[in-house]
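Everything on this sheet refers to the single structure shown next.
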Amino acid sequence: MIYLNGDFLPIEEARVPVLDRGFIFGDGVYEVIPVYSHKPFRLAEHLLRLQHSLDGIRLQNPHSDEEWGSLVEQIIASNDGDDQYLYLHVTRGVARRDHAFPKGVIPTVFIMSNPLLAPPRELLATGVAAITADDNRWLRCDIKAISLLPNVLLRQMAIDAGAMETILLRDGFMTEGAASNIFLAKDGVLLAPPKNHLMLPGITYDVVLELAAAEKIPCEVREVSEYELRTAQELLLTSSTREIMPVTRLDGKPVGEGKPGAMFARLYRLYQSYKQTTMRGSAKILEVHNR
Ligand code: PDD
């Protein structure tokens, strides 16, 4: 079952008019929210990021947090599986094609659920391959826009090269992955680029930094140069659907020793234990977490 503009219905029956500005212009924003044991993880943070994206494209939020919370709960309850991931999407609505904003148009709201599968053990054991590419996206990568054509082309470059992710470089510095955030480890220090307009502020990124801080793992949040990326002992990739994964090859060369390292092992353990306790636990679903 999906939600579309006030109705719950099977996805096969859902229809959007061809003049929807999401279809015509990619004029909309989205969120991906993991659900563990029927509970949306960090819903309040996802809704804050949604608000930031809506503000970024000057579109009024069609729902209050409580209304979003209720829609999300209903979608979770009407889909199978303890663990799901929700895709939540808002466009500027249906209007005659004109780049300028239409007046008096109701936004389109769509929510669907898919099964959330943990990354396969084999991949966690070997790590995954990544390639690098120039970050040729716009300068508002902090907006989670549905117009993802650059990300689609960049990610496909990785697939064509037999790799899982493309790590992006802008002006000699690493920004993020085509669909993930990237961390480095060197000499026991965890390194991450700062949140700014050049990357999506990942919810999983926050979790990893919080877990590291709580364990007193030394962390540096600062710009990461291409040289540091290429000489890192470990690379880690994070996202709501892929949790935390080791990247063990970059542009065909081994990262460090070419196998998942100590930083990955530690953060992976912490992440899994956090998942079993807090994510599957009883935290209030609209609570905002301390950073
Ligand atoms: N993407 N950066 C980009 C460009 C992303 O697309 C994503 C996630 C992230 C990680 O953010 P988070 O930890 O909040 O998932 C970083 C989602 C999963 C997607 O588009 O499917």
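Going through the stretch 220-240 one residue at a time, which ones are open to solvent by 50 Å² or more (accessible area, probe 1.4 Å) and of a type outside the set (Lys, Arg)?
Hits for the stretch 220-240 are Glu220, Val221, Glu223, Glu226, Tyr227, Gln233.
Which number in (1) out of contact with any Gly (no Cβ under 9 Å at 6 or more places or on another chain); (2) open to solvent by less than 30 Å² (accessible area, probe 1.4 Å); (3) of a type in the set (Ser, Thr, Tyr) marks the one condition that Ser180 misses?
Answer for Ser180: the failing condition is (1).
Among residues belonging to the stretch 69-90 that are within 16 Å of the ligand (Cβ to nearest atom) and open to solvent by less than 20 Å² (accessible area, probe 1.4 Å), point out the one that is nearest to Leu117 (Cα to Cα).
Only one residue fits best here, namely Gln84.
Within the stretch 49-60, can you find the residues that are open to solvent by 60 Å² or more (accessible area, probe 1.4 Å) and either within 13 Å of the ligand (Cβ to nearest atom) or without any contact (Cβ under 8 Å) to a residue 12 or more places away in the chain (or both)?
Keep residues of the stretch 49-60 that are open to solvent by 60 Å² or more (accessible area, probe 1.4 Å), which gives 51-52, 55, 58, 60.
Gln51, His52, Asp55 - these are the residues of the stretch 49-60 that are open to solvent by 60 Å² or more (accessible area, probe 1.4 Å) and either within 13 Å of the ligand (Cβ to nearest atom) or without any contact (Cβ under 8 Å) to a residue 12 or more places away in the chain (or both).
For the stretch 29-48, give me the residue count where each residue is open to solvent by less than 20 Å² (accessible area, probe 1.4 Å) and under 21 Å from Leu4 (Cα atoms).
Summing the residues that are open to solvent by less than 20 Å² (accessible area, probe 1.4 Å) and under 21 Å from Leu4 (Cα atoms) in the stretch 29-48 gives 9.
Could you grab me the full set of residues in the stretch 241-262 that are open to solvent by less than 60 Å² (accessible area, probe 1.4 Å) and small (Gly, Ala, Ser)?
Hits for the stretch 241-262 are Gly252, Gly256, Gly258, Gly261.
Counting only residues that are open to solvent by 10 Å² or more (accessible area, probe 1.4 Å) and touching a strand residue (DSSP E or B) at 6+ places or on another chain (Cβ under 6 Å), which one in the stretch 6-20 is farthest from Tyr274 (Cα to Cα)?
My answer is Leu19.
For (1) without any contact (Cβ under 8 Å) to a residue 24 or more places away in the chain; (2) assigned to a loop (DSSP other than H, G, I, E, B); (3) under 15 Å from the mean Cα position of the chain (by Cα), each residue gets a yes or a no:
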{"position": "Asp98", "(1), (2), (3)": "yes, yes, no"}
{"position": "Pro102", "(1), (2), (3)": "no, yes, no"}
{"position": "Met112", "(1), (2), (3)": "no, no, no"}
{"position": "Leu123", "(1), (2), (3)": "no, no, no"}
{"position": "Ala133", "(1), (2), (3)": "no, no, no"}
{"position": "Arg137", "(1), (2), (3)": "no, yes, no"}
{"position": "Asp142", "(1), (2), (3)": "no, yes, yes"}
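Applying the selection to the stretch 1-41, what residues are within 16 Å of the ligand (Cβ to nearest atom) and of a type in the set (Gly, Ala, Ser)?
Keep residues of the stretch 1-41 that are within 16 Å of the ligand (Cβ to nearest atom), which gives 22, 26, 28-36, 40-41.
If the condition is that a residue be within 16 Å of the ligand (Cβ to nearest atom) and of a type in the set (Gly, Ala, Ser), then Gly22, Gly26, Gly28 are the ones that fit.
Hey, which of the strands (runs of 3 or more DSSP E) in the stretch 151-240, taking only ones fully inside, have at least 3 residues that are within 15 Å of the ligand (Cβ to nearest atom) and closer than 20 Å to Phe41 by Cα? Give the derivation first.
Details: elements: 165-170, 173-177, 181-186, 189-192, 219-221, 234-239.
Answer list for the stretch 151-240: 234-239.
Before we move on, is Val288 free of Cβ contacts under 8 Å to residues at least 40 places away in the same chain, within 16 Å of the ligand (Cβ to nearest atom) and surrounded by fewer than 15 Cβ atoms within 10 Å (Cβ to Cβ)?
Criteria not met by Val288.
How about the stretch 247-278: which of its residues are within 16 Å of the ligand (Cβ to nearest atom) and not in a helix (DSSP H, G or I)?
The one that is within 16 Å of the ligand (Cβ to nearest atom) and not in a helix (DSSP H, G or I): Val247.
The values are calculated or read from the model by the stated rules, or taken from the named source; none is laboratory data. None of the values given here were measured: they were computed from a predicted structure. Reconstructed Cβ throughout: ideal geometry from the backbone, glycine too, with neighbour counts over all protein chains shown. Just so you know, the surface numbers come from the protein's heavy atoms only, side chains and all, with ligands and any DNA or RNA stripped out. Shrake-Rupley method; radii C 1.70, N 1.55, O 1.52, S 1.80 Å.
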